[in-house]
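Below is one structure, written out as structure tokens; comments come after it.
The values are calculated or read from the model by the stated rules, or taken from the named source; none is laboratory data. Keep in mind that this is a model prediction, so the values were computed, not measured. Ideal geometry is used to build each Cβ from the backbone, glycine not excepted, and the neighbour counts take in all protein chains shown. Heads up: the accessible areas ignore ligands, DNA and RNA and are worked out on the full protein's heavy atoms, side chains in. Shrake-Rupley method; radii C 1.70, N 1.55, O 1.52, S 1.80 Å.
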Amino acid sequence: MIKKRIRFCYCILLTVMLLAAMETEAVVKITCIGASITEGAFIEDKTHFSFPGQLQTFLGDAYEVSNYGVGGTTMIKKGNSPYWNTKQYQQALDSDPDIVFIDLGGNDAKLINRPYLNEINTDCQEMIEAFQQLPSHPRVIVMLPIVSFVKDTTGIWDPAISSQVIPGLRQAALEKDVEVLDMHPLLINHEELMPDKIHPNKEGSAIMAKRLFEAVVQSRDEKFDILPKLPETKTLSSFAGYQCADFTLSGRQCKVVQPKWSAKGHPWIWRTRFWGHEPQTDIALLERGFHLVYIDAAELFGNDECIQLYNDFYKLLKKAGLSKKCLMEGMSRGGVYVLNWAAENPKKVSGVYIDNPLLDMKSWPCGLGNREPGPVEFEAFKNDYNITTEEQLQAFNNSPINKVDEIVKGGYPILILCADEDKAALPEENTLPFEKKVKAAGGKVTVIHKPGFGHHPHSFPNPEPIVRFLLEASEYNFLTDN
């Protein structure tokens with residue numbers, strides 16, 4: 001009898017312990033609000049194959065994803081069908097969410113709604129506030145609308161999305177200090193996944209869901225704040241909806257853009273030239289918790305003064321808490337700035353992305369190859385390197401193409417985008433011989449060719465191949481705590 005009572009008490013105790021464990025492992029509630037793309041228009045089995053449905057599959061049982069999409073609705077309160085007036089909006093507010101994805105703005109680009117687009121900022125801020133004030137204090141993430149391929153300018157017109165809707169949503173997110181996911185580039189090269197030019201099919205929705213999945217599970221260091229650690233004399237501006245600190249170092253303009261939260265390890269990407277040009281990759285990394293930095297070294301062409309300036313800038317950023325190794329990015333002549341510094345600092349670089357790069361300054365600005373010299377740049381170049389004679393010019397060997405052995409010592413991977421019809425940084429005098437030398441020396445170099453393209457445009461409309469390369473190169477597993 002005593003043994004039975006002991007077994008009974010043990011069973012009760014075990015049940016209580018299991019129930020307590022279940023309570024401590026609470027399910028994370030994710031609320032998705034939006035219009036027809038969120039709802040899953042034209043997708044069979046919306047429950048499972050809309051992007052919220054596929055997000056649920058990716059995340060598993062530890063999460064509960066709820067879909068409150070309503071077709072045709074707008075962010076703007078004065079729109080032809082405001083989301084604010086739907087029962088789903090109230091249901092979303094009542095859902096006690098831990099994370100909220102707001103996917104509105106596409107329908108606001110219709111002609112009928114464009115007269116009110118000046119109000120999208122304030123209306124979006126109000127919606128963000130409505131969720132922030134909930135007892136659950138959810139993490140709010142604003143999704144920028146995906147691309148529209150509709151040619152009818154009265155409909156969901158992509159130029160209106162790009163020029164009016166997206167800037168308004170970005171500004172609202174900046175002012176309310178919430179995250180942004182730029183969904184616009186994700187399907188820009190996948191028109192085949194949008195049968196009616198507006199709505200993604202199952203495969204297109206999977207691409208969207210994967211991006212949300214990464215945002216949910218990525219490890220974060222929300223306490224890190226670099227701004228107080230930068231020089232006191234600085235001003236704050238905005239870069240694509242992110243806080244940007246502007247200051248000077250040795251008389252040169254500097255910029256440090258802070259993500260909404262820092263990824264673990266405080267990784268960063270260093271743009272060496274042409275600030276803000278084709279910023280798709282920079283924005284994608286900011287979304288993932290990377291800092292973005294820049295110091296204006298124009299027009300030093302990677303000389304000793306430039307290297308010293310970069311060294312001082314690196315020390316400042318390292319002291320402020322950024323990781324020991326950085327990613328480096330250079331477009332056109334930016335390739336010289338990247339690789340000349342990397343050759344001197346091989347253990348401070350985790351990966352390099354250069355785009356239609358200048359790698360041999362004898363080719364340009366000197367004009368010793370098949371391109372005419374750059375008159376202004378050539379004079380600056382000679383001044384930078386104290387070149388006064390033809391003999392010195394012919395003997396010049398301070399280009400990246402002359403430093404392959406030092407570059408390869410770093411062991412970091414290099415990605416080059418190379419436009420085959422580039423008439424500025426001629427591939428046959430820059431990328432192609434550089435690639436050959438790096439491979440011969442045992443280095444890691446990947447060249448993506450762009451047939452039929454000239455020097456511009458740089459990057460890709462959808463920067464995903466570049467972003468994936470850089471994430472792998474960063475020596476940081478952005479989906480874990482490592």
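Would you list the P(r) distribution for the chain, with all Cα-Cα distances sorted into 10 Å bins from 0 and each bin expressed as a whole %?
Cα pair-distance distribution for the chain, in percent: 4, 18, 25, 22, 16, 9, 4, 1, 1, 0, 0.
Between exposed GluC sites (Glu not before Pro) in the chain, where DSSP calls loop and at most 13 other Cβ atoms lie within 10 Å, what's the longest gap? If you can, show how the numbers build up before the last one.
Details: sites that count: Glu25, Glu44, Glu222, Glu232, Glu421.
By the stated rule (loop sites, at most 13 other Cβ atoms within 10 Å), 233-420.
Would you please name the trypsin sites (Lys or Arg not before Pro) within segment 64-146 that are DSSP coil residues with at most 15 other C-beta atoms within 10 Å of their C-beta? If you can, show how the numbers build up before the last one.
Details: sites: Lys77, Lys78, Lys87, Lys110, Arg139; in loops: Lys77, Lys78, Lys110.
Filter output for segment 64-146: Lys78.
Between segment 205-261 and segment 86-126, how many Å separate their Cα centres?
Each part's Cα centre sits 25 Å from the other's.
Which number comes out as Rg/Rh for segment 328-482 once both Rg and the Kirkwood Rh are worked out on C-alpha atoms?
Numbers: Rg = 15.9 Å, Rh = 16.1 Å.
For segment 328-482, the value is 0.99.
If you take the square roots of the eigenvalues of the alpha-carbon gyration tensor of segment 370-445 and sort them as a ≥ b ≥ c, do you get rounded (a/c under 1.5), prolate (a/b over b/c) or oblate? Could the numbers behind the result be given before it?
On the way: a/c = 2.50, a/b = 1.47, b/c = 1.70.
It comes out oblate by the Cα gyration axes.
For segment 231-373, divide the Cα radius of gyration by the Kirkwood radius and give the resulting Rg/Rh value with two decimals. Don't skip to the answer; put the middle values down first.
Working: Rg = 15.1 Å, Rh = 15.6 Å.
Checking Rg against Rh, the ratio lands at 0.97.
Which loop chymotrypsin sites (Phe, Trp or Tyr not before Pro) in segment 77-154, with loop taken from DSSP, have no more than 16 other Cβ atoms within 10 angstrom of their Cβ?
Sparse-neighbourhood loop chymotrypsin sites (Phe, Trp or Tyr not before Pro): Phe149.
Counting Lys and Arg as +1 and Asp and Glu as -1, each charge on the Cβ, what is the dipole of segment 383-482 about the Cα centre in debye, to the nearest 20? Kindly include the intermediate steps, with their values, before the conclusion.
On the way: 9 positive and 15 negative charges, 54 e Å.
Dipole about the Cα centre, nearest 20: 260 debye.
What are the ³J(HN,Hα) couplings of segment 238-247, residue after residue, when phi is run through the Karplus curve with 6.51, -1.76, 1.60 and θ = phi - 60°? Round to Hz, x for glycine and proline.
Values, residue by residue: 10, 10, 6, x, 10, 5, 10, 8, 10, 7 Hz.
Quick query: amide H of Glu179 versus all other amide H atoms, modeled in the peptide plane; which residues come in under 5 Å with a sequence gap of 5 or more or a different chain?
Placed amide hydrogens put Val140, Val142 under 5 Å from Glu179.
Measuring with a 1.4 Å probe in the full set of protein chains, what accessible area per residue, in whole Å², belongs to the chain?
Working: 21140 Å² over 482 residues.
Per-residue value: 44 Å².
Please work out the Kirkwood hydrodynamic radius for segment 291-356, using every pair of different C-alpha atoms, and report it in angstroms with one decimal place.
Numbers: mean 1/r = 0.0833 Å⁻¹.
12.0 Å is the Kirkwood radius here.
As a quick test, which of the pairs Lys46/Lys77; Lys264/Lys325; Lys77/Lys151; Lys319/Lys347; Lys403/Lys437 have an alpha carbon distance above 19 angstrom in this structure?
Values: Lys46/Lys77 27 Å; Lys264/Lys325 13 Å; Lys77/Lys151 26 Å; Lys319/Lys347 17 Å; Lys403/Lys437 10 Å.
Listed pairs above 19 Å: Lys46/Lys77; Lys77/Lys151.
Label segment 159-221 by shape, choosing from rounded, prolate and oblate, from the square roots a ≥ b ≥ c of the eigenvalues of the Cα gyration tensor; if a/c is under 1.5 it is rounded, and otherwise prolate applies when a/b is larger than b/c, oblate when it is not.
Working: a/c = 3.31, a/b = 1.24, b/c = 2.68.
Because a/c hits 1.5 or more and a/b fails to exceed b/c, segment 159-221 counts as oblate.
Which aspartates and glutamates does Lys409 reach when only Cα atoms under 13 Å apart count, and residues fewer than 8 places away in its own chain are ignored?
Glu344
Checking the a/c ratio against 1.5 first, then a/b against b/c, what shape does the Cα gyration tensor give for segment 227-294?
Working: a/c = 1.73, a/b = 1.26, b/c = 1.37.
Oblate.
Once amide H atoms are built 1.01 Å from N in the peptide plane, which residues 5 or more positions from Asp221, or in another chain, come under 5 Å H to H?
Those qualifying (amide H under 5 Å, at least 5 residues apart or on another chain) are Ser262, Ala263, Lys264.
Ignoring ligands, DNA and RNA, what percent of the accessible area of the chain is carbon or sulfur (1.4 Å)?
On the way: 11310 of 21140 Å².
Taking all protein chains in place, the chain shows 54 percent carbon and sulfur surface.
For segment 196-257, what is the largest minus smallest coordinate of the Cα atoms on each principal axis, given in angstrom and ordered from greatest to least?
Over segment 196-257, Cα extents along the principal axes are 53, 29, 15 Å.
Can you give the log10 of the normalised intensity I(q)/I(0) at q = 0.19, 0.21, 0.23 Å⁻¹, computed with Debye over equal Cα scatterers of segment 112-232?
Each listed q maps to, in turn, -1.17, -1.27, -1.34.
At q = 0.15, 0.17, 0.23 Å⁻¹, what log₁₀ I(q)/I(0) does a Debye calculation on the Cα points of segment 292-402 give, no solvent, two decimals?
Scattering profile of segment 292-402, log10 relative to I(0): -0.64, -0.80, -1.33.
Per residue of the chain, what 222 nm ellipticity follows from adding -39500 (n - 2.57) for every DSSP H run with n ≥ 4, rounded to the nearest 500? Write down the numbers at each step before the final one.
Working: 16 runs with 164 residues, N = 482.
After summing the helix terms and dividing by the residues of the chain, the value is -10000 deg cm²/dmol.
Tell me the Kirkwood hydrodynamic radius of segment 37-128 in angstroms, computed as one over the mean inverse distance between distinct C-alpha pairs. Present the calculation step by step, with values, prior to reporting the outcome.
Details: mean 1/r = 0.0707 Å⁻¹.
That comes to 14.1 Å for segment 37-128.
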